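Please read the structure below before turning to the comments.
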Amino acid sequence: MLRFEPSFGARLLAPDRTRFRLWAPDRQQVALELGGRAPQLMTPCGEGWFEAEADCGAGTLYRYRISDQLAVPDPASHAQSGDVHDASIVCDPQAYRWMNTDWAGRAWHETVLVELHAGMLGGFAGVARRLPAYVALGITAIELMPVADFPGPRNWGYDGVLPYAPDAAYGTPNDLKALVDTAHGLGISVFLDVVYNHFGPDGNYLGSYASAFFRDDIHTPWGQAIDFRKQPVRDFFIENALYWLTEFRIDGLRLDAVHAISEKDFLVELAQRVRTAIPPPRHVHLVLENDDNAAHLLARAPQRLYDAQWNDDLHHVLHAMLTGEREGYYADYTNQAGEKIARALAEGFVYQGEPSSYRGGQPRGEQSRQLPPTSFIAFLQNHDQVGNRAFGERLTMLADPDALRAAYALLLLSPQIPLFFMGEEIGATQPFLYFTSHLTPQLADAVREGRRQEFARFAGFADPAVRERIPDPNAEQTYVDSIPRAQDNTAQAWRDWITTLLTIRREEIVPRLDGAQALGAELLGSAAVRARWRMADGTVLMIAINLADAPVPVTLEHLSDGQVGRILFETEGVPDAVLQGRLPARAFIAVLEAVP
């Protein structure tokens with residue numbers, strides 16, 4: 001396993017000797033405080049760096065004394081002795097003994113993701129216990145929501161303030177390594193969601209000694225923007241990516257909301273340094289969430305940077321069609337929805353430079369039709385799209401059941417990379433709500449009231465009494481209510497449905513997927529689309545879906561362009577209906593056409 005020389009934090013030089021480094025350009029003097037010892041002045045090394053070595057080993061508690069009034073945890077702490085305000089712990093990166101040392105990862109086109117919240121599944125050990133069930137389902141990769149240390153025991157993870165420290169509520173660093181190791185032994189890749197666009201509001205001490213980390217002229221929706229014009233700032237986050245990928249043997253990273261990073265070349269530098277540090281044959285995957293739809297970051301040449309981006313466009317148009325919702329960003333997807341689904345299937349992004357009315361008419365996106373379908377991650381739900389709703393409703397509570405099942409067939413049998421959100425595989429009906437456990441009443445109150453006010457612009461929440469019903473994020477019950485639970489026989493029926501679709505994907509789609517290219521997509525009706533792809537072996541995959549409440553006229557010859565084909569999957573009644581010249585309402589069919 002490749003190693004790298006970290007710029008920040010505590011590093012064992014020998015079992016009982018540790019080096020400490022801190023970037024504190026606002027301070028003239030910094031002292032190292034080790035448990036039970038007198039403070040030790042750190043040596044200034046120029047350009048804001050301070051360094052010290054001490055006779056101590058793994059398990060030692062430490063802080064940095066930056067003033068008479070303030071001692072802070074290490075911003076690159078690998079573990080905390082309590083919570084975000086407490087002392088950091090010196091860790092031995094080689095203490096864990098790996099079992100599956102030959103694991104080199106899985107090829108990207110094999111990926112079927114499920115996004116998980118580790119806390120809700122019982123921490124890292126609880127997730128590990130779930131892995132055999134995911135294998136049986138056909139999942140090939142899990143994606144953990146952010147695990148970086150946050151205040152309190154409950155959080156989505158996007159309020160993290162110590163990016164190198166797995167939150168103790170989920171387990172120790174070695175517990176996370178054991179989860180990764182177990183996954184690899186079962187053939188499952190592990191992805192981690194990382195947040196490089198902001199720090200959370202509680203427990204971030206950087207501003208008191210390294211204000212250069214932040215920009216005062218730019219703000220994100222979550223607070224001060226991070227100043228990636230500074231090389232130490234870039235190094236802090238790029239080394240964090242390498243830390244997860246090397247020490248923890250994580251297989252891939254999903255970078256959260258990178259459109260909120262103002263220096264776009266940082267994304268290029270991060271990917272280049274990761275690709276250089278971890279070359280083939282190991283498979284390491286980098287994924288973006290990026291509202292900018294920056295297709296150039298997904299290009300395969302001259303150098304591969306990022307493997308894929310979450311396809312919000314496809315989600316939004318499918319969600320609007322399944323639910324009839326038209327407010328917020330869904331307003332951009334309600335007109336000509338069928339055409340938008342067709343474009344998302346054939347070209348990836350819906351918005352490729354067109355003006356977005358939701359964004360005040362500003363153009364959004366870049367041309368993406370040149371990219372392979374595996375450059376896009378498709379989903380019907382994720383933590384954002386469920387949890388950012390006021391009451392956290394899942395699609396099982398919003399959509400027609402037959403239309404939803406047709407949409408899942410589209411998700412799992414189209415060539416884009418599919419992603420589930422935990423609970424989808426059992427048809428969960430419990431909400432997934434926004435939850436926190438902020439440590440101060442003032443911050444908890446501000447978050448609760450801010451969230452309720454956020455929904456005031458929506459017609460359904462104009463009444464203050466309705467907004468008062470929005471669950472309190474800081475209440476423990478909000479968290480408990482969000483834990484997905486199986487519902488009698490319904491859960492098994494969903495598992496069987498998903499397993500059937502993923503078996504078809506594994507046997508028929510994946511072997512032909514690497515190198516597939518879209519041939520185009522067309523409307524069959526206002527909410528019905530046919531799309532075709534030339535697969536790597538020359539066969540053609542055709543899918544047709546009708547999400548409308550009425551049938552649309554179609555012929556078998558039209559669906560397959562007159563080619564002989566083999567039906568891979570169809571919802572109930574489709575073949576007979578097609579022979580009669582129609583595609584039923586809320587229906588789906590997938591056909592593999594033979595090589596001409």
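The values are calculated or read from the model by the stated rules, or taken from the named source; none is laboratory data. Note that this is a predicted model, so its numbers are computed, not measured. All Cβ positions, even for glycine, are placed from backbone atoms using ideal geometry, and neighbour counts span all protein chains on display. Each accessible area value is taken on the protein alone, full model and side chains, heavy atoms only, with ligands, DNA and RNA left out. Shrake-Rupley method; radii C 1.70, N 1.55, O 1.52, S 1.80 Å.
Brief remarks follow.
- The 1.4 Å probe gives accessible areas that order W497, W244, largest first, as W497, W244.
- A simple packing score, the average count of other Cβ atoms within 10 Å per residue, orders the peptides 415-423, 529-537, 508-516 as 415-423, 529-537, 508-516, with the highest score first.
- A Cβ-based charge dipole, computed about the Cα centre of segment 18-121 with Lys and Arg at +1 and Asp and Glu at -1, lands at about 140 debye.
- Across the options L298, A342, N382, the greatest Cα extent toward the positive end of the charge dipole of segment 297-390 (unit charges at beta carbon of Lys, Arg, Asp, Glu) belongs to L298.
- Separation of segment 208-282 and segment 125-169, taken as the distance between their Cα centroids, equals 20 angstrom.
- Think of a 1.4 Å ball rolled over the protein heavy atoms: the chain then has 38 Å² of accessible area per residue.
- Relative contact order for the chain, counting Cα pairs under 8 Å that sit 6 or more residues apart, in percent: 10
- For segment 361-410: rounded, prolate or oblate by the Cα gyration tensor [a/c cutoff 1.5]: oblate
- Among 145-158, 568-581, sorting by the average number of other beta carbon atoms lying within 10 angstrom of each residue, highest first, gives 145-158, 568-581.
- For the chain, the carbon plus sulfur part of the accessible surface works out to 50%, probe radius 1.4 Å.
- At R0 = 45 Å, FRET efficiency that the Cβ-Cβ distance of E522 and D26 yields, to 0.05: 0.15
- For the pair R97 and M397, the difference between a 0.36 nm per residue extended length and the Cα-Cα distance amounts to 103.5 nm.
- Listed residue (F214, A459, Q231) projecting farthest to the positive dipole end of the chain, Cβ model: Q231
- Net length available on complete extension from R130 to S81 is 14.9 nm, with 0.36 nm assigned per residue and the Cα-Cα distance removed.
- Where only DSSP H runs of four or more residues are counted, the chain gives -7500 deg cm²/dmol as its mean residue ellipticity at 222 nm, each run worth -39500 (n - 2.57).
- Placing +1 on each Lys and Arg Cβ and -1 on each Asp and Glu Cβ, with no other charges, gives segment 488-548 a dipole about its Cα centre of roughly 160 debye.
- For D217, the solvent-accessible surface computed with a 1.4 Å probe is close to 100 Å², ligands and nucleic acids excluded.
- Model label sites at E468 and D16, defined 7 Å from Cα along the beta-carbon direction, differ in position by 6.5 nm.
- Inter-centroid distance (Cα atoms) of segment 1-77 relative to segment 493-540, Å: 53
- Ranked by solvent-accessible area (1.4 Å probe, protein heavy atoms only, all chains present), the residues Y96, Y408 order from largest to smallest as Y96, Y408.
- Between the residues V72, L34, Q94, the greatest Cα displacement towards the positive end of the dipole of segment 5-138, with unit charges on the Cβ of Lys, Arg, Asp and Glu, is found for Q94.
- Here the chain carries DSSP beta bridges of which approximately 70% are antiparallel, counting only pairs with both residues inside.
- Across the protein chains, with a 1.4 Å probe defining accessible surface, the residues C45, C56, C91 rank C45, C91, C56 from largest area downward.
- DSSP assigns beta bridges within segment 133-276; of those with both partners inside it, close to 45 percent run antiparallel.
- Relative to the Cα centre, the charge distribution of segment 137-242, modelled as +1 at Lys and Arg Cβ and -1 at Asp and Glu Cβ, gives a dipole magnitude of about 140 debye.
- Axial C-alpha extent at least 24 Å, average Kyte-Doolittle at least -1.0 - helices from the chain (DSSP): 488-504
- The phi torsions of segment 188-199, fed into the Karplus equation with coefficients 6.51, -1.76 and 1.60 and a -60° offset, translate into couplings of 9, 7, 10, 10, 10, 7, 10, 10, 10, 9, 6, 10 Hz, rounded to whole numbers, with Gly and Pro shown as x.
- Reported to the nearest whole Å, the Cα centre-to-centre distance from segment 551-596 to segment 288-331 is 28.
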